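Worksheet for the structure shown next.
The values are calculated or read from the model by the stated rules, or taken from the named source; none is laboratory data. From a predicted model like this one, the values you see are computed outputs, not experimental measurements. Every residue, glycine as well, gets a Cβ built from its backbone with ideal geometry; the counts of neighbours run over all protein chains shown.
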Amino acid sequence: MAAHASHGGSPTKRSFLAAGLGLSGTALLAACGKSAESKRPALVVWHAYRGREKSALEEVAALYSAQIAGKARPVRCVGVPNDAFADKLSAAVPRGKGPDLFIFSHDRLGGWVESGKTVAPIDFFLNEEDRQGFLPGMLDATTYKGVTYALPLNFKSAALIYNKKMVPNPPRTTKELVEIATRLTDKSRGRFGFAYAYDDYFFHAGIGNGFGGGAFNAAGDLILNDPANVAASDLVRKWRSELNLLPDDPANSLVTALFNEERAAMVMSGPWFLSEASKSIDLGIAVLPMISEAGDKPMRPWMTIEAIYLAAGTADEHEAWQFAKFLAGPQASAIMAQKGGQLPASQAAYSVPAIANDPIISAFKAQGALAVPMPNLPEMTLVWSPADKAMKRFTKMETTSQSAWNDCQTEVQAAIDALRASQAGGRS
Amino acid sequence: MRRNLSAVFLALLIVLSGALFFLQQAAQHRDQAAAGAVALVTVSDLAKLGSTGLEAGLSEQVVGSMMADVLKRSGREGDRFRLVMRNAKQLSASNWPGEAAPRPLKLSEKPLFDLILGLPLVGAKLDPTAEGARAAAPLVVAEQRVGMVEIIHTSQVAGPPLISLLQWAAIGLGVLVIGGLALVQPKLGAWAGMVLPIGAAFVVGQVTGVNLASTAQVLLDNLNTTARAVDEAMRAVAVSNSLALRGDAARLDTAFVAGAVDGAALNTSLLFLGGLGAIIGAFISFGAASSTWRALKENPTAYVYVAPALIGMLALAFFPFLYGFVLSFTDTTLLNQGASWSDRWVGLANYASILGDFNFGGGGAAVNYQNFYWTMGVTIVWTASNVVLGVAIGLGMALLLNIKGLRGVAIYRTLLILPWAIPNYITALTWKGIFHPQFGAINQAIQAFGGQPVQWFDAVGPSFITGLATNVWLSFPFMMVVALGALQAVDEDMYEAARIDGASPWQQFWLITLPSLRPALLPAIIVSVVWTFNMFNVIYLVSAGQPSGANEILVTRAYRIAFEEYRYGYAAAYSVVIFLILLIYGVFQIRATSATEATNK
């Protein structure tokens, strides 16, 4: 009869020293921030937007505040620098110093749920009609262990971005890709048909997932050294080292530079690339080619979904929910898409002709339908660094793909076990 | 005499009031745990009955009345239950006064709904409410959690006190006797302020331990009687509704009682308290308190002036340091940050795991670059090579700039200081680009002269050189400025005298220039060693520890443990080890060179 949900332990279990330190720490933190007991005059939303996304969000907030004026509190948007955002959330929200809502990508969700007191579940508010309003698969990204925690706003995934002058017809299969790339590549002169950050696991995952691999299986077990992942890695090794199609040490900045200097005809990148791409290049966006080596299965790049979360401990969850629903709804999505340049997750936004007919949005939407949400398991954060290391090892022919992934699997599994052990120790 | 008395009095006051607080908390916690255990057993039984009922196709209302029946039969009508269903979002049954179930859940009742999927399958004890202990368990149909039942157990359980009045009296008498003896013997008087608090805390801890052991079984039997009554009522209700229950009766085991009051932890807490009392007692009785007070009274303005800086240091330097130090004894990670300190406490395990890692790989397997000693070796080589090169180049440049009659010194000096003036992460990223295998300037130059390009980041040596080149570039201007300043202060007459005596330029350099530079260069080298040892930016941005983390230094490794593996406690221990290494280095370096005194000569 273990008391599974009784966190905190007993006062008697704490040693005096530790309790004293903990208390003084809490007291210090409490002294630093205002107490959030009474309702704030406005519903506070934290976001990391800048430029046009920020002004689009503020427009939506103003629109909503005008609609509900007198009935509910207005919405106030507070910008938080992107690099500090995650730490700020996990420091402030559990102590009741956070916002009422916040906008963040979905991949941290599992960690927040596991560490507790950060995000509030929304199944209570969410009805079937609301669920149908999103593109397929979007809500899966914001669902952890069967509980939905956030409403998807927009998505980003890598696609094939190509220079129309150099590649009139984008390749539909990797066989065609290799043909075009072989024709255009002259490595000694620094010219490439196809370039992407192939030793970055984020970009590689599209191929790995296409082969049927990935980081975790449906049960949440780590499968980095799965045969599918090894096959995907061997393909990239072949491109790089046998066919010599890809540049060495491909940082994202190098990929951008190559594309902008018209030295790379096609790149694999996401919507963020568009703002870095040279305006003088006539670029096109296409769905990533199907993998001929995997029986023409599509590449399935990882998709990150930005969502609006209800912060745990907000003074009025229902009021917060109403703004979340508005922001994820058709009207606000259309504003965020047209003025903020986002790819909306809302189904209805695509009935707006200006959005439906936009070739860039349509291409990314088509790619999004094939993409898979990045795992939102807390363990995922442990995968990145070792996986990037493994990618570098086998692309540089230091070892075989199989042994690189075997080592990586061992390393990540050990880190996961260490993390899980700490959790088990804390909840016994 | 008076001092000794006040020391004993104050120290004992602290220990006894602290002990009373701890014991009261422990007793309260024990009672709450007992009540919580009853609530948990009850709610688990109700959920078992409810799940079976729902699976057998009974309606939620029938299930609800069965639950009310169980409570009634086990004589617990005072307990309140609520049955909440997930799909319908409704309160299906309840015995709360004035409650008209079934009805849809109110907005304010969202926490009840959210609890359904938040509960483990066996149910969970929740935070106690003002009315009593609270627990909840899910109703499971076809492996799905479809609803939950929550119970508030209203009857209070009060166990025996942890220390009886008689025992208190005995402890008090003992304290009086020993205190009196010590005061009569003036030599022992000062020690009494120290020994009595610890002794009292120890005795209180021992007595509690004995009392806990003797009452544990009684407590357990009481709880099991209650659990059995609920279980029997549940079975009777199941039979009368012709339901077949699966599984055995829930029984509480001794582990629960042991966990309710952790005697060992209570003992440790009391001993810490005794230690604190002893420190305060000693502080007063050995005269430190009065001399501190005197110092404060004599120089009040001085302390007022120092106070802001002192508070700032406490809040910004010492508190985080101490926090990190304490953290290093825990296994805090991303997932258990919310747990209590005692649940995360692992003692020296982190240090043992860091320092006791002798898995170096090799012998067929790849070298284990994550090993602490490998990383420390790399860090030491990194620091030594950087400082040697930085000092050599800096000194060389300073000697060149110090040549009499050199034209354009100001321009050279400005240009040479530039690497120092540019933010080092910009420099680091530039150098990373310079070392790019295909597009980097260095490989282009090598190819222009007909050489083979070097894959800079693919092997340990070349990758190390990329960081070294960057950091030397960043660090020589500092050494140059320091050396140049010292060079200009060297008395020209000494060189003249040396020339007259027929000393060669080489002898002049070794015997005049270098010794004159010593007072300025040594502190600069010490500082430079510490900076280089912890030069995060260059390693992280240029080679990022490639290949396979082989070129990681200790501080970048600590960063990766903390922010890529999210093992905060382990990373804190790593940082403490780094601190200790630097501390030892600093102490030895200062001893060996007496650098701080050298400037005064």
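Applying the set (1) under 40 Å from the mean Cα position of the chain (by Cα); (2) surrounded by 15 or more Cβ atoms within 10 Å (Cβ to Cβ); (3) in a helix (DSSP H, G or I) to residue B:483 leaves exactly one unmet item: (1).
Where strands (runs of 3 or more DSSP E) fall wholly inside segment A:249-315, the ranges with 1 or more residues that are under 30 Å from residue B:443 (Cβ atoms) and not hydroxyl-bearing (Ser, Thr, Tyr) are A:264-269, A:283-286.
Once segment A:274-304 is narrowed to residues that are farther than 30 Å from residue A:110 by Cβ and of a type in the set (D, E, K, R), the residue that is nearest to the chain's Cα centre (by Cα) is A:276. Screening segment B:297-339 for residues that are among the aliphatic types (A, V, I, L, M), in a helix (DSSP H, G or I) and in contact with a helix residue (DSSP H, G or I) (Cβ under 6 Å, 6 or more places away or on another chain) and picking the one that is farthest from residue B:567 (Cα to Cα) gives B:326. With respect to the conditions (1) over 23 Å from residue A:122 (Cβ atoms); (2) within 14 Å of chain A (Cβ to nearest Cβ); (3) out of contact with any strand residue (DSSP E or B) (no Cβ under 9 Å at 6 or more places or on another chain), residue B:98 falls short on a single one, namely (2). Here segment A:386-419 is the region considered, the condition is being in contact with a Lys or Arg (Cβ under 7 Å, 6 or more places away or on another chain) and surrounded by fewer than 21 Cβ atoms within 10 Å (Cβ to Cβ), and the residue that is farthest from residue B:570 (Cα to Cα) is A:399. Candidates are the residues of segment A:91-132 that are without any contact (Cβ under 8 Å) to a residue 12 or more places away in the chain and facing chain B (nearest Cβ under 10 Å); the one that is surrounded by the fewest Cβ atoms within 10 Å (Cβ to Cβ) is A:127.
Are any of the residues in segment B:468-476 at pLDDT below 85, of a type in the set (A, V, I, L, M, F, W, C) and under 29 Å from residue B:542 (Cα atoms)? No, segment B:468-476 contains no residue that is at pLDDT below 85, of a type in the set (A, V, I, L, M, F, W, C) and under 29 Å from residue B:542 (Cα atoms). List the number of the failed condition for residue B:349; all other conditions in (1) closer than 30 Å to residue B:525 by Cα; (2) within 14 Å of chain A (Cβ to nearest Cβ) hold. Just one mismatch for residue B:349, condition (1). Within segment A:112-167, the residues that satisfy the criterion of being closer than 30 Å to residue A:264 by Cα and under 15 Å from the mean Cα position of the chain (by Cα) are A:154, A:155, A:156, A:157, A:158, A:159.
Every residue, every condition in (1) at the interface with chain A (Cβ under 10 Å from one of its Cβ atoms); (2) closer than 30 Å to residue B:160 by Cα, yes or no:
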position: B:7; (1), (2): no, no
position: B:15; (1), (2): no, yes
position: B:20; (1), (2): no, yes
position: B:33; (1), (2): yes, yes
position: B:37; (1), (2): yes, yes
position: B:42; (1), (2): no, yes
position: B:54; (1), (2): no, no
position: B:59; (1), (2): no, no
position: B:64; (1), (2): no, no
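Go through segment B:385-438 and report how many residues are within 22 Å of residue B:488 (Cα to Cα) and without any contact (Cβ under 8 Å) to a residue 40 or more places away in the chain. Within segment B:385-438, residues that are within 22 Å of residue B:488 (Cα to Cα) and without any contact (Cβ under 8 Å) to a residue 40 or more places away in the chain number 15.
Residues that are in contact with a strand residue (DSSP E or B) (Cβ under 7 Å, 6 or more places away or on another chain) and buried (at least 20 other Cβ atoms within 10 Å of the Cβ) within segment A:320-333 comprise A:320, A:321, A:323, A:324, A:327, A:328, A:333, listed in sequence order. Quickly run through segment A:378-405 and pick out the residues that are within 11 Å of chain B (Cβ to nearest Cβ), of a type outside the set (A, V, I, L, M) and farther than 15 Å from residue B:547 by Cα. Matches in segment A:378-405: A:378, A:379, A:381, A:384, A:403. Note on segment B:443-459: among residues that are part of a helix (DSSP H, G or I) and more than 13 Å from chain A (Cβ to nearest Cβ), the one that is surrounded by the most Cβ atoms within 10 Å (Cβ to Cβ) is B:446. Yes or no: residue B:322 within 14 Å of another protein chain (Cβ to nearest Cβ), modelled with pLDDT of 90 or more and within 30 Å of residue A:96 (Cα to Cα)? Yes: the conditions hold for residue B:322. Pick from B:108, B:155, B:51: which is of a type outside the set (D, E, K, R) and either farther than 28 Å from residue A:127 by Cβ or part of a strand (DSSP E or B) (or both)? Only one candidate passes the filter, namely B:155.
Filtering segment B:271-311 to residues that are surrounded by fewer than 17 Cβ atoms within 10 Å (Cβ to Cβ), hydrophobic (A, V, I, L, M, F, W, C) and more than 14 Å from every other protein chain (Cβ to nearest Cβ) leaves B:288, B:293, B:295, B:296, B:302, B:304, B:306, B:307, B:309, B:310. When we screen A:56, A:86, A:62 for residues that are more than 21 Å from residue A:155 (Cβ to Cβ), assigned to a helix (DSSP H, G or I) and hydrophobic (A, V, I, L, M, F, W, C), the only hit is A:62. Scanning segment B:589-597 turns up one or more residues that are away from every other protein chain (no Cβ under 14 Å) and acidic (Asp, Glu).
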